[in-house]
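Notes follow once the structure below has been shown.
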Amino acid sequence: MTESSRIGRFGDRARALVEGGTAKLEGDDGKDRREAILRLSGLGLIAGLLSAILVIPLVGGAGIVARDAAAGFMSLPNHLDVPYPSSRVLLTDDSGEPFGEVAQRERDVVDLDEMSPWMGAALMAVEDDRFYEHNGLDLRGVLRAAIRTAQGNTQGGSTITQQYVKNLLIETAETEEDVDQASARTITRKLTELRYAIDIEDRYTKDEILQGYLNLAYFGSGAHGVEIAAKRYFSTSAAELDPGQAATLAGLVRAPSYYDPINNPDEARERRDLVLDRMVATGQLDSEEAAAHKEKGLGVDTTPRAGSCAESEYPFFCDYTMRWLAESDLLGDTKAEREQRISRGGFTVQTSLLRDAQDAAQEAIDRRVPHQDSTKFSAQAMIEPGSGRVRALAQNLRYGFDDEEVGTTSINLSVDQADGGSSGFQAGSTFKAFTLAAALEKGLGYGTSFNSPKSMSIGGMANCEGGTMSSWNVRNAGESDEGGHNMLSGTKGSVNTYFAQLQRRVGLCETSETAEAVGIHRADGGDLGVWSSFTLGDQEVSPLNVANAYATFAARGTRCDPRPVRAIREDGTGERVTADSHCERAVKKQTADGVNHLLQQPFKGGTANGLDLGRPVAGKTGTTDGAAYAWFAGYTPNLSSAVVVGDVRGGEANPLQGVTIGGRYYGIVYGGSLPGPIWQESMRGGTAGLEAEDFAGSPGSFGDPNADPPKSKDDESDTEA
């Protein structure tokens, strides 16, 4: 007797035992039975046969084998956690309105009663027509598949429950090795799968298992779960699937790539028709209706894959949020834990995005610096003082990855390099605010005066290592007036030679340390360069960083770390975790109040004249040396913003001089001529729904809040209030 015939005879006997209970086959004795069982056990060919042995009373040596096999089987792990299926990370704005989603596994979880009944019928017809009759192990199917596998024709015999278990093991795998083990065609994997299936059937109803399977199964083309599959292939919902569509999807689970209706329509149609035939055979569908669906084409009507920030309504804010989450302890203590959590998804992120502010910022930028304007760019960030909530991130360049497509970039120009941004842009005279803060923090008053000529040489400054800096030649920009100035007039006119002398009086190191205290850092992550021209903003920073530093003054000296997230809610449980603010005092309250008073001066006939908002506002223009970049940074007590304009090829080599932007010609782009109007329009929209708050009054310790500048232009001395 050949090995194949012996296995075949044993297969027949096993089938007879299942179907006929105590039926016997002629010509068999106990020795033959033991030999066949031991041979099958040695070959490890039939995983399901062990389960059959567990429920079939055998005698003699076969009974001992069954007993030992049963003991080994029952010792396998028997409890499988069923987590909420991995799906997308949904992003909403501050009010809870969605604006984007990110998913490595695009999936929308729906209840069974939200699925067309044809879907379950089609799946059971082709995969497990006795699903509601067995307890997770369909012995007929298992033995049939085992016999054919033993004869060299590998065939699956898994029930829907077993397939669900396999999908769960893949879903919860933490490593590639775990995935391979969950998919391996081995006796160990099959036995483990069977053991878990028994547990799943014991703990869940059939409807719950079917619902779980249809939400977990992969249907190809990036579609995880039946809801996304219905959308991907037919642009409909799972609830609206007709018998032909359901049959197409049910046919996919066996081999999603091979039966792909988009790329392999002939194979997909043949598989669909087979499923329809099975639906007729199992009484789920009448033959006339099946024939009608067979006559139709597949009816594919695809919906492009979503699930990335590129498809988000606000792609740059989406990208910044996802990067922030990857570093936040809200999703885990280690980077690996956070990455795995994001990969699994299944939670909703309520961001701090204020839709009115975001839309206003985008519209203002697009109007004045269109993305079609070749190499010119503008970027803006808005943040809430006292909380660090990022309210808006806007730029004229559209989100894209094609370097050759004009007006697109994947770089978020509003944020630091580590957050997906650039290496930053020199901030110009916006840094003068930090010199003011250092002076006030040191006890100098508004009346601190210097004769401030058009140009001068400044020497004697020392860096933080104690090294003396060489003499620095500084000159006023075209928007500055020479003469005698105090803090009020020097700020109003943004007088370079005044601030150079004020920085020398305060101390170069003290000025840079104050800037760091309120939140300033380089966009590329390097150390601030502490040299003579620090007060004129020769450091490369991001708009978000400048906006946040200015927000420290608006919050009366409290610096908060920027954060784009308010809360995270688990989709499965509804559990909500709030993202707390991380804030600390940076400068004295009266120092911040003094800076707030000084930064209101540019709006009173100074460099920010005409840029007011009809409510209390403070701010500062910034134009770098040679007009490489132009800035405007300003704030109300409840919203801070910074705008930069430049050239993506590099401002130093491509300055904002003699340029036409948005159809308007500029001899030189100053902070107040282009960034200022963008800021003004954006802030009007962003603060429209916010209460008009007042700044605290000017501290009396700093002297007369309206002190006139010194009259003499020739007096080389300086005074203090």
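Checking Asp333 against (1) surrounded by fewer than 19 Cβ atoms within 10 Å (Cβ to Cβ); (2) in a helix (DSSP H, G or I), which test does it fail?
For Asp333, the exception is condition (2).
Any idea which of Ala696, Ala688 is assigned to a loop (DSSP other than H, G, I, E, B), in contact (Cβ under 8 Å) with a residue 40 or more places away in the chain, touching a helix residue (DSSP H, G or I) at 6+ places or on another chain (Cβ under 9 Å) and more than 17 Å from Leu611 (Cα to Cα)?
Details: Ala688 fails: more than 17 Å from Leu611 (Cα to Cα).
Ala696 is the lone residue from the list that is assigned to a loop (DSSP other than H, G, I, E, B), in contact (Cβ under 8 Å) with a residue 40 or more places away in the chain, touching a helix residue (DSSP H, G or I) at 6+ places or on another chain (Cβ under 9 Å) and more than 17 Å from Leu611 (Cα to Cα).
With the checklist (1) in contact with a helix residue (DSSP H, G or I) (Cβ under 7 Å, 6 or more places away or on another chain); (2) surrounded by fewer than 14 Cβ atoms within 10 Å (Cβ to Cβ); (3) modelled with pLDDT of 95 or more; (4) not basic (Lys, Arg) in hand, flag the one item Leu674 doesn't pass.
Going through the list (1) in contact with a helix residue (DSSP H, G or I) (Cβ under 7 Å, 6 or more places away or on another chain); (2) surrounded by fewer than 14 Cβ atoms within 10 Å (Cβ to Cβ); (3) modelled with pLDDT of 95 or more; (4) not basic (Lys, Arg), Leu674 breaks only (2).
Looking at Gly605, Gly594 in this structure, which one is in contact with a Lys or Arg (Cβ under 8 Å, 6 or more places away or on another chain) and not polar (S, T, N, Q)?
The match here is Gly605.
Out of the residues in segment 386-410 that are buried (at least 20 other Cβ atoms within 10 Å of the Cβ) and of a type in the set (Val, Ile, Thr), state the one that is farthest from Asp94 (Cα to Cα).
My answer is Thr409.
Could you say whether any residue in segment 208-216 is touching a Pro at 6+ places or on another chain (Cβ under 9 Å) and in a loop (DSSP other than H, G, I, E, B)? I'd like the intermediate steps shown before the answer.
Filtering segment 208-216 for residues touching a Pro at 6+ places or on another chain (Cβ under 9 Å) gives 212, 215-216.
Checking the rest, the ones that are also in a loop (DSSP other than H, G, I, E, B) come to none.
Looking for residues that are touching a Pro at 6+ places or on another chain (Cβ under 9 Å) and in a loop (DSSP other than H, G, I, E, B), one finds none in segment 208-216, hence no.
Let me confirm something: among Ala246, Ala197, Ala182, which residue is outside any loop (DSSP other than H, G, I, E, B), modelled with pLDDT of 95 or more and on the phi < 0 side of the Ramachandran plot?
On inspection, the qualifying residue turns out to be Ala246.
Within segment 184-207, track down each residue that is closer than 18 Å to Gly120 by Cβ and either touching a residue at least 40 places away in the same chain (Cβ under 8 Å) or crowded, with 23+ Cβ neighbours inside 10 Å (or both).
Ile200, Glu201, Tyr204, Lys206, Asp207, listed by residue number.
So which of Val280, Val226, Val253, Val275 is touching a residue at least 24 places away in the same chain (Cβ under 8 Å), over 29 Å from Ala103 (Cα atoms) and among the β-branched types (Val, Ile, Thr)?
On inspection, the qualifying residue turns out to be Val275.
Restricted to segment 381-414, and to residues that are modelled with pLDDT under 95 and not in a loop (DSSP other than H, G, I, E, B), which residue is farthest from Thr578 (Cα to Cα)?
Only one residue tops the list, namely Thr408.
Could you please let me know if Thr468 is more than 27 Å from Asp612 (Cα to Cα), out of contact with any Asp or Glu (no Cβ under 8 Å at 6 or more places or on another chain) and either assigned by TED's automatic domain parsing to the domain that holds Thr621 or at pLDDT 90 or above (or both)?
Judged against the criteria, Thr468 is a match.
Output the number of residues of segment 416-440 satisfying the condition of being assigned to a helix (DSSP H, G or I), crowded, with 24+ Cβ neighbours inside 10 Å and not hydrophobic (A, V, I, L, M, F, W, C).
Going through segment 416-440 one residue at a time, the tally reaches 5.
For Ser542, only one of the following conditions fails: (1) within 19 Å of Thr448 (Cβ to Cβ); (2) buried (at least 24 other Cβ atoms within 10 Å of the Cβ); (3) of a type in the set (Gly, Ala, Ser). What is its number?
Of the numbered conditions (1) within 19 Å of Thr448 (Cβ to Cβ); (2) buried (at least 24 other Cβ atoms within 10 Å of the Cβ); (3) of a type in the set (Gly, Ala, Ser), the odd one out for Ser542 is (1).
Residue under question is Asp366, and the condition is that it be in a helix (DSSP H, G or I), acidic (Asp, Glu) and on the phi < 0 side of the Ramachandran plot; does it hold? Outline the logic, then answer.
Working: in a helix (DSSP H, G or I): yes; acidic (Asp, Glu): yes; on the phi < 0 side of the Ramachandran plot: yes.
When the stated conditions are applied, Asp366 passes them.
Which ones in segment 351-385 are buried (at least 24 other Cβ atoms within 10 Å of the Cβ), closer than 21 Å to Gly424 by Cβ and among the hydroxyl-bearing types (Ser, Thr, Tyr)?
Matches in segment 351-385: Ser378 only.
Restricting attention to segment 569-582, does a residue exist that is within 30 Å of the chain's Cα centre (by Cα), on the phi > 0 side of the Ramachandran plot and surrounded by fewer than 20 Cβ atoms within 10 Å (Cβ to Cβ)?
yes
Is there any pair with a first residue in segment 441-454 that is farther than 21 Å from Glu513 by Cβ and in a loop (DSSP other than H, G, I, E, B) and a second that is modelled with pLDDT of 95 or more and of a type in the set (S, T, N, Q) whose Cβ atoms are under 9 Å apart and which are 6 or more apart or on different chains, and what are they?
The qualifying pairs are Tyr446/Asn486; Tyr446/Ser698; Gly447/Asn486; Pro453/Thr497; Lys454/Thr497.
Keeping to segment 325-352, report how many residues are over 18 Å from Gly388 (Cα atoms) and of a type in the set (Asp, Glu).
Here the count works out to 3.
Which of the residues spanning segment 519-568 are in contact with a strand residue (DSSP E or B) (Cβ under 8 Å, 6 or more places away or on another chain) and among the aromatic types (Phe, Trp, Tyr)?
Selection gives Tyr550, Phe553.
The values are calculated or read from the model by the stated rules, or taken from the named source; none is laboratory data. Note that this is a predicted model, so its numbers are computed, not measured. Glycine also receives a Cβ, built like all others from the backbone with ideal geometry; neighbour counts cover every protein chain displayed.
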